[in-house]
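S.K.: Quick one: the structure is below, questions incoming.
The values are calculated or read from the model by the stated rules, or taken from the named source; none is laboratory data. These figures come from a predicted structure and were not determined experimentally. Cβ placement follows ideal geometry from the backbone for every residue including glycine, while neighbour counts extend to all protein chains displayed. Areas reflect the complete protein model, heavy atoms only, side chains present, ligands, DNA and RNA absent. Shrake-Rupley method; radii C 1.70, N 1.55, O 1.52, S 1.80 Å.
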Amino acid sequence: MLAFIDKTIIPFVTRSNDQPLLLRELLEINKNHDDGLKLEGKIPGLKLRIGRTILVFLILWNIILLPLSLLFHKELEKIDCHLLIILAILFTGMFFGTYMMFKEWLVDRMATQRIKEAWQNHFPHFAYEKHHVEVTSLYREAIDKDVPNKELYLFMMNRLAAE
């Protein structure tokens, strides 16, 4: 299921360019991702297409909701109309709430993909899963020490190799 999302849905709902991330951009996105900050609109070269995202979510919502409504049609037929209005309000709230969760999850998934692609470019000898938290702490240290962009890569590599 995740492979289908990565190969089909994410390219459909995003617009991206093929330029690789710069080292500073990679480190900033990795830090924000590890800190759990909102990444929508902060990933260079990647834009979420809201219309297509809503279309995909509507299709997924209907794949789940239509069989349930067909299954419980006889029971829903007998319910008082006032209760159905309240249920409609609840389902509308659930729709928008789950859409926001879906969009955040999708942005997080896209960010992880983009970070891993750039990671292979800048840190090919260090596995992302093992070193991304360490790189985040080193980047914080580099910010505190005001390391210039020219020396940032050397600073990171020296510290990663030492550990």
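S.K.: Could you give the length gained on full extension between Arg49 and Glu134, defined as 0.36 nm per residue of separation minus the Cα-Cα distance, in nm?
M.R.: Contour length minus the Cα-Cα distance gives 27.3 nm.
S.K.: From a point 7 Å beyond the Cα of Asn17 in the direction of its Cβ, which residues of segment 109-149 have a backbone N at a distance under 16 Å?
M.R.: none
S.K.: Express in whole angstrom the spacing between the alpha-carbon centres of segment 55-106 and segment 111-158.
M.R.: Using only Cα atoms, the two centres lie 43 Å from each other.
S.K.: For the chain, what D do you get in µm² per second when you plug the Kirkwood radius from alpha-carbon pairs into Stokes-Einstein at 4 °C and 1.567 mPa s?
M.R.: D, rounded to a whole number, is 69 µm²/s.
S.K.: Rounded to a whole number, what % of the accessible area of segment 1-127 do carbon and sulfur atoms account for, probe 1.4 Å?
M.R.: 68
S.K.: Where only protein heavy atoms count, and the probe is 1.4 Å, what is the accessible area per residue for segment 72-151 in Å²?
M.R.: Counting only protein heavy atoms, the per-residue value for segment 72-151 is 68 Å².
S.K.: How large is the dipole of the chain about the Cα centre if only Lys and Arg carry +1 and Asp and Glu carry -1, each at its Cβ, rounded to the nearest 20 debye?
M.R.: Here the chain has a charge dipole of around 440 debye.
S.K.: Can I ask one more? Taking 2.2 N^0.38 Å as the expected size of a compact globular protein, what ratio does the Cα radius of gyration of segment 61-155 give against it, to two decimals?
M.R.: My calculation over the Cα atoms of segment 61-155 gives 1.97.
S.K.: Which of the helices in the chain, when you take each full DSSP H run, stretch at least 15 Å along the axis at their Cα atoms and have an average Kyte-Doolittle score of 1.0 or higher?
M.R.: Span-like helices in the chain: 50-71.
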